[in-house]
1. Could you give me the residue pairs with C-beta distances under 7 Å whose first residue belongs to segment 59-72 and is of a type in the set (A, V, I, L, M), whose second residue is surrounded by fewer than 22 Cβ atoms within 10 Å (Cβ to Cβ) and assigned to a loop (DSSP other than H, G, I, E, B) wherever it lies, and which are 6+ apart or on separate chains?
2. Condition first: polar (S, T, N, Q), under 20 Å from residue 253 (Cβ atoms), crowded, with 21+ Cβ neighbours inside 10 Å and in contact with a helix residue (DSSP H, G or I) (Cβ under 6 Å, 6 or more places away or on another chain). Can you find one or more residues in segment 166-187 that meet it?
3. Return the residues of segment 98-132 that are outside any helix (DSSP H, G or I), over 19 Å from residue 186 (Cα atoms) and either of a type in the set (Asp, Glu) or in contact with a strand residue (DSSP E or B) (Cβ under 9 Å, 6 or more places away or on another chain) (or both); say none if nothing qualifies.
4. Quick test for you: out of 118, 122, 111, 57, pick the one residue that is at pLDDT 95 or above, of a type in the set (Lys, Arg) and within 25 Å of residue 177 (Cα to Cα).
5. Out of 287, 309, 298, 272, which single residue is surrounded by fewer than 16 Cβ atoms within 10 Å (Cβ to Cβ) and either in contact (Cβ under 8 Å) with a residue 40 or more places away in the chain or under 25 Å from the mean Cα position of the chain (by Cα) (or both)?
6. Looking for whichever is in a strand (DSSP E or B), modelled with pLDDT of 95 or more and among the polar types (S, T, N, Q) here; the options are 191, 212, 183, 158. Which one fits?
7. May I ask you to verify whether residue 74 is outside any helix (DSSP H, G or I), touching an Asp or Glu at 6+ places or on another chain (Cβ under 7 Å) and not aromatic (Phe, Trp, Tyr)?
8. Please verify whether segment 29-49 includes one or more residues that are assigned by TED's automatic domain parsing to the domain that holds residue 123, within 14 Å of residue 311 (Cβ to Cβ), among the charged types (D, E, K, R) and at pLDDT 95 or above.
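The values are calculated or read from the model by the stated rules, or taken from the named source; none is laboratory data. Here the structure is a predicted model, which means the values were calculated and not measured. Here the Cβ positions follow ideal geometry from the backbone for every residue, glycine too, while neighbour counts run over all protein chains shown.
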Amino acid sequence: MSETKSIKVGIIGGGKIAYSHAEQYKKLPWVEVLGVADIVPGKAAAFIQTAGLAKAKPFVDYHQMLDTLGLDVVSVCSYNMAHRAPVVDSLGAGVNVLLEKPMAATLEDAKAIMKARKTSGKLLMIGFQPEFSSEYKAAHTIAESGALGKVYYGEAVTHRRWGVPGGTFMRKDMAGAGTLVDTGVYAIHATLWLMGDPKPVAVTAMTTNHLTKAFKGTAYGGWAGPWTAKDMEVEEFAVGFIRFENGAVMVHKATWAGNADSMGRTFVMGTKGGLQLNPLEFYVNQKIGDLNMTSTVKGLETVDQWAAKIGGFCEAVRDNKPSPLDPHRAFLVNVIMDGILRSAECGCEVKVEAAY
């Protein structure tokens, strides 16, 4: 590795999540943030000042930033429905892209992004930072070792008893969907990893927003601000049953609001063993009498997931290595999400195709 090679970075989108990117870039002495672009006049300049990016220039049009700064990396931090254009244009300009999750709010946009990545030959990574944790890496090591045998079932679960983020997260024209694209994507992405990235072929699902639409008054404390029932345009709850080409199946459950203390934990089961996340446990039915063994991993170091995500991607660019997270799995998440939303709309099982 050569830390003398400077990596030039631009940020597209000056919202809340972009500050997390800027904070991590500033920790890397061989990385320079040279530009920030946001379509709202004055927002990029305000972001630069607040984030303390002394060398960065503000832009309203990200095309101008791409054309003038000779960037190596762009962080795309725009809202979900505005992922496609800046990613495709950045890749087309020969710039490596770190994109905040999800890859896209729609399957059509995800396909366009994957095509642009293939054509450009540049690195693309979708920012699923939990998979940089020592726990998730240990889980994948166990799964990849063959200790689970053939994985035939998984559950991908995220649950908030009452945690509706508000703001743009509830707008269909900006977020595209609700809990599915906000929190559910993390669980689907991780579960696919543990199942060996099988190809989805069919989905049956249901989504609702019963609780938020019935809410009286104004709710405070959300990630993106206060909200009322009339603001809710997307789903607060999504459940899906996904079939894969190899015969395995996955159940997905995601909630922003639900009258339950827990929806369970993300887990997978195989012919030799199974494991569950948060915390990581490994299960084996031993052939020693009636003993069933549960193993817990000890000595896992605490990892700054954001630092590992940003630093890992920049190191891959600097050292000409592959993307730390294969974007193909993020694309499979979009295939599954599209199936869930279409199935919920028609009230029937739908076929899905993992092709672009």
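1. 60/39; 60/41; 66/93
2. no
3. Here is the first cut: in segment 98-132, the ones outside any helix (DSSP H, G or I) are 98-106, 121-128.
Next cut, over 19 Å from residue 186 (Cα atoms) only: 121-123.
Across segment 98-132, the qualifying residues are 122, 123.
4. On the way: 118 fails: within 25 Å of residue 177 (Cα to Cα); 122 fails: within 25 Å of residue 177 (Cα to Cα); 57 fails: within 25 Å of residue 177 (Cα to Cα).
Criteria check complete, one pass: 111.
5. Details: 287 fails: either in contact (Cβ under 8 Å) with a residue 40 or more places away in the chain or under 25 Å from the mean Cα position of the chain (by Cα) (or both); 309 fails: surrounded by fewer than 16 Cβ atoms within 10 Å (Cβ to Cβ); 298 fails: either in contact (Cβ under 8 Å) with a residue 40 or more places away in the chain or under 25 Å from the mean Cα position of the chain (by Cα) (or both).
Step by step, each of 287, 309, 298, 272 is checked, and only 272 is surrounded by fewer than 16 Cβ atoms within 10 Å (Cβ to Cβ) and either in contact (Cβ under 8 Å) with a residue 40 or more places away in the chain or under 25 Å from the mean Cα position of the chain (by Cα) (or both).
6. Residue meeting the stated conditions: 158.
7. Numbers: outside any helix (DSSP H, G or I): yes; touching an Asp or Glu at 6+ places or on another chain (Cβ under 7 Å): no; not aromatic (Phe, Trp, Tyr): yes.
So residue 74 does not fit the description; no.
8. So far as segment 29-49 goes, no, none of its residues is assigned by TED's automatic domain parsing to the domain that holds residue 123, within 14 Å of residue 311 (Cβ to Cβ), among the charged types (D, E, K, R) and at pLDDT 95 or above.
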